[in-house]
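To keep things clear, I will list the structure first and then write my remarks on it.
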Amino acid sequence: MRKAIYCCRETCGPEGQRKRKKNRTTMLRFAVTLLAVITSSTCQKYGCLEGDTHKLKPSPEPKMHECTLYSKSSCCHADFTEQLAHSPVIKVNNSYWNRCGQLSKSCEDFTKKIECFYRCSPHAAHWINRNNAAAIQSVPLCQSFCDDWYEACKDDSTCVRNWLTDWEWDESGENICKNKCIPYSEMYANGTDMCQNMWGQSFKVSESSCLCLQMNKKDMVAMKYLVSESSEESSSTSSSASSSEEYACQKKLRKFEKLQREKGEQTR
C-alpha cells in the first residue's frame, strides 16, 4: 500500500510535475529544431535567397523587362529588372558597373545573366551559402559558359578581382575603385579563373558538360538532375552513379536541342 502511495506521489506530486514539465520542454525543443531543419530544407528547394530584392518565394512575373528566362517562376519583382533593361547598364541598386568605363555590349550581356540568376532564379537558393542566407556558393557553371564569358569581357576593364569584397564603399553606399583599372585579360588568367573568383565563392566550374548551368533554356534540363535527390546522393557515393546522371543528362539534352532545332525550322 505504501508502495502504491509512493508511486502515486512520484507520478502525481511535485516531483512528477517537474518531470512532466521537463519532458514537455524537451519535446518542444525537438519540435522547434525539427521545424527549423524542415524550413531550411524547404527554403533551399522552393524558396528564394534573403537578398534585398528577393521575394519570399518564387512566383510568375509576366511583365519582366529583363531576366525573362525566369518569368514563369521568379524570385525578383518585374520592376527590379528595369534596371537591366536598357544598355548600357550604369548601376544595379547602388553598385556601378561603369567604374572603368562602360562595358561592351557582349560583356554586359554576360554580366546581366549572372545578375539575373542571382536576383531572379527560383533555383539559386539550392546553392545557398550556409553562412549568409543572401548569398550563393559553388553554383556549377559550364566550362563553355565561363570561356565565352571571358572571351566577351577580356578587352573590357575592371579595377577589382572580387566584385563582392574588393570595392571601397562611400558614405552613400556606392562602390568606388581602390586600384587602377586594367583589362579583364590581365585581372583573370582565363574563363575558369574569372568564374571562380569574380563573385568570390559563388560559382565553380563544373567538370561535367551537362550537369552545369549556361544561363539559358538548356538549364531546364540540367536543373532536373542538379536538384534531384539522386544527383545529391551520387555526388557523395560512387563515380558510377555520377556517370549514370551524366549519361541521362546528356541524352535529355540532345533530345531538347533537337526539339529546339525543329521549332526553329517551323518558324522560318
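The values are calculated or read from the model by the stated rules, or taken from the named source; none is laboratory data. Just so it is clear, the structure is predicted and the values come from calculations on it, not from any experiment. Please note: Cβ atoms are built from the backbone with ideal geometry, for glycine as well, and neighbour counts cover all protein chains shown. What goes into the accessible areas is simple: the full protein's heavy atoms, side chains included, and nothing from ligands, DNA or RNA. Shrake-Rupley method; radii C 1.70, N 1.55, O 1.52, S 1.80 Å.
A few points about this structure:
- Any hit, region 82-104, residues being modelled with pLDDT of 95 or more and within 19 Å of Q137 (Cα to Cα): no
- Condition met for W167 (buried (at least 19 other Cβ atoms within 10 Å of the Cβ) and at pLDDT 95 or above): no
- Restricted to region 59-87, and to residues there that are polar (S, T, N, Q) and open to solvent by 50 Å² or more (accessible area, probe 1.4 Å), the residue that is farthest from A125 (Cα to Cα) is S87.
- The set of residues in region 97-106 that are buried (at least 16 other Cβ atoms within 10 Å of the Cβ) and in a strand (DSSP E or B) contains only R99.
- The set of residues in region 122-139 that are within 16 Å of M198 (Cα to Cα) and open to solvent by 30 Å² or more (accessible area, probe 1.4 Å) comprises Q137, S138.
- Residues in region 111-127 that are polar (S, T, N, Q) and under 8 Å from the mean Cα position of the chain (by Cα): S121 only.
- Pairs where the first residue, in region 203-217, is more than 18 Å from D193 (Cα to Cα) and the second is open to solvent by less than 30 Å² (accessible area, probe 1.4 Å) and among the aromatic types (F, W, Y), C-beta under 9 Å, 6+ apart: M215/F117; M215/F145; N216/F145
- Test: residue in region 168-175 that is of a type in the set (A, V, I, L, M, F, W, C) and under 17 Å from V92 (Cβ atoms): yes
Yes or no, residue by residue, for (1) open to solvent by 30 Å² or more (accessible area, probe 1.4 Å); (2) within 15 Å of C249 (Cα to Cα); (3) over 23 Å from the mean Cα position of the chain (by Cα):
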residue: S172; (1), (2), (3): yes, no, yes
residue: Y184; (1), (2), (3): no, no, yes
residue: G191; (1), (2), (3): no, no, no
residue: E207; (1), (2), (3): yes, yes, no
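- Tally, over region 139-164, of residues that are farther than 30 Å from L253 by Cα and either of a type in the set (A, V, I, L, M, F, W, C) or over 18 Å from the mean Cα position of the chain (by Cα) (or both): 9
- Beta carbons closer than 8 Å, at least 6 apart along the sequence or on distinct chains, pair a first residue in region 49-71 that is over 17 Å from D219 (Cβ atoms) with a second that is polar (S, T, N, Q) and surrounded by fewer than 18 Cβ atoms within 10 Å (Cβ to Cβ) for D52/N93; T53/N93; S59/S73; P60/S71; P60/S73; E61/S71; P62/S71.
- If you go through region 241-268 and keep only what is open to solvent by 80 Å² or more (accessible area, probe 1.4 Å), part of a helix (DSSP H, G or I) and either touching a Pro at 6+ places or on another chain (Cβ under 6 Å) or modelled with pLDDT under 80 (or both), you end up with K263, E265, Q266.
- For region 211-225, taking the residues that are open to solvent by less than 20 Å² (accessible area, probe 1.4 Å) and in contact with a Lys or Arg (Cβ under 8 Å, 6 or more places away or on another chain), the one that is nearest to D156 (Cα to Cα) is identified as M215.
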